[in-house]
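The values are calculated or read from the model by the stated rules, or taken from the named source; none is laboratory data. Bear in mind the structure is a predicted one, so any value in this text is a computation, not a measurement. With ideal geometry, Cβ positions are generated from the backbone for all residues, glycine too; neighbour counts draw on all protein chains shown. Side chains included, ligands, DNA and RNA excluded: accessible areas come from the protein's heavy atoms. Shrake-Rupley method; radii C 1.70, N 1.55, O 1.52, S 1.80 Å.
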Amino acid sequence: MRTSRWMVVLMVSLALFFLGGCATMSQKGKTLSLKATPQTVHTGFFDASIPPVMTIDSGDTVNLSTMMLMDGTLRCGMTQEEQLIARKPYIERKMGGHTLTGPIFVKGAEPGDVLEVRIKKLVPINCGVNYHYPGNMKSGGLPEDFPNGQFKTFYFDDQRKEAAFAPGIVVPLKPFLGNMGVAPKPGEKRPASVPEYFGGNMDLKELVAGTTLYLPVSAKGALFSTGDAHAVQGDGEVNVTAIETAMEEAVLQFTVRKDMKLERPMAETDTHWITMGYHKDLDEAVKIALRDAIKFISKTKGLTPDDAYALCSIAVDLRVTQIVDGNKGIHAMIPKSIFRK
């Protein structure tokens, strides 16, 4: 059977396309690649006017990488003095050092929708750092107790998935992306270091592989960005940093949800639903997370608000997400196991 010339051209084009690794097809959409480069990242702010670096369809999966903070100038093995010098230009420009891969424009996403982000795989690079600033910089939970500051580098055991903190102290790795968010409302320019209704620097350690994050959409295309990778963190992130690292591979699937309405981010694991509250006052953050938990339980489980409030007191755990990002965080852990069919 003779193959026409146009068929040959088509077959060669398709072969080159797939061999190039630009995109592969799956039943639930394409899988695309987005590497963190100076052309595909932005630093300091979430803003709907930042041009997208990629456009995808709802249902597509993106395999992306991230840089370490300050456009990748934060690095393993540097000294505290070198870190403070690298940070200085960001302070002078009154911008945080959060470098984010994106924005990603998701076709079909409109204000009022919800962007579902399924976290499918997270692979950090082979090292990370933890530091706290000198006390006169007024950061962290106890700046008055630690006047000198400190900078530590950790190299990871890839086989055991852990980091040696000190002789006899080993910390298992639980990598997650500390900063995941969509653009705020058009006309707003929000610091990437401060979590808010659009997500951002949430530093929620539950956002590991296997978790789904739900973000309320405020701008056309959602304009999702992510960065601030952590190898592991305790609830609170008390000295101002976790083990800060970069993601060599972060596989995220994006779906536009027209059937959901949210005011703030929410997450779902195999075992819990998670509501979140962010506010400068930790007590107010508690109220936000708790009210959202009550609202969620009432709406989805048919309880009165009074009964949902009682159930929260009996079975829902409130945890301190972080205390160091301008807006402090509380998250409410709603166990799925208490609800029977």
Which helices, taking whole DSSP H runs in the chain, have alpha carbons extending 24 angstrom or more along the helix axis plus mean Kyte-Doolittle at least 0.0?
282-301
Accessible area per residue of the stretch 118-256 at 1.4 Å probe, in Å²?
40 Å²
Once each part is reduced to its C-alpha centroid, what is the distance from the stretch 270-341 to the stretch 172-246 in angstrom?
18 Å
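Using the Cβ atoms and a cut-off under 11 Å, what net charge is assigned to the surroundings of Q233, where Lys and Arg are +1 and Asp and Glu are -1?
-4
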Cβ under 14 Å from N327's Cβ, N327 left aside: what net charge do those residues give with Lys, Arg +1 and Asp, Glu -1?
-2
Flagged links, alpha-carbon separation over 21 Å, of K205/K336; K261/K328; K205/K328; K220/K280
K261/K328; K220/K280
For the stretch 117-122, 3J(HN,Hα) per residue [Karplus equation, 6.51 cos²θ - 1.76 cosθ + 1.60, θ = phi - 60°, Hz, x = Gly/Pro]:
10, 8, 8, 9, 7, 9
Which whole-number percentage describes the relative contact order of the chain, with Cα contacts under 8 Å and a sequence gap of 6 or more?
20 percent
Taking one equal scatterer on every alpha-carbon of the stretch 32-122, how large is log10 of I(q)/I(0) by Debye at q = 0.10, 0.16, 0.17 1/Å?
-0.34, -0.77, -0.84
The answer for trypsin sites (Lys or Arg not before Pro) in the stretch 67-104 that fall in a DSSP coil and have at most 15 neighbouring Cβ atoms within 10 Å is R93, K94
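Given a 1.4 angstrom probe, I'd like the percentage of the accessible area of the chain that is carbon and sulfur, rounded to a whole number.
Carbon plus sulfur share of accessible area: 56 percent.
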For G96, enumerate residues with amide H under 5 Å from its amide H, sequence gap 5+ or separate chain, H modeled in the peptide plane.
A192, S193
Extended-chain gain in nm, criterion 0.36 nm per residue less alpha-carbon gap, K28 and A315:
99.7 nm
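Hey, what's the stretch 273-341 come to in accessible area per residue, 1.4 Å probe, Å²?
I get 54 Å² per residue for this part.
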Hey, what do the phi angles of the stretch 160-176 turn into as Karplus ³J(HN,Hα) couplings, whole Hz, using 6.51/-1.76/1.60 and θ = phi - 60°, x for Gly and Pro?
8, 6, 8, 10, 7, 7, 6, x, x, 10, 10, 10, x, 7, 9, x, 7
F296 accessible area, 1.4 Å probe, all protein chains in place, Å² to nearest 10
40 Å²
From most to least accessible, 1.4 Å probe, no ligand or DNA/RNA atoms counted, D259, D228, D145, D47 line up as D259, D145, D47, D228
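Mean 1/r over all different Cα pairs, inverted: what Kirkwood radius does the chain give, in Å?
Result for the chain, one decimal place: 21.1 Å.
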Amide H contacts under 5 Å for Q233, placed H, 5+ residues apart:
K174
Estimated distance in nm for a label pair at E162 and L282, the labels positioned 7 Å out from Cα along Cα-to-Cβ:
3.0 nm
Give me a comma-separated list of calculated 3J(HN,Hα) values for the stretch 217-224, in order, Karplus coefficients 6.51, -1.76, 1.60 applied at θ = phi - 60°, integers in Hz, x for any Gly or Pro.
8, 10, 9, 4, x, 6, 6, 7
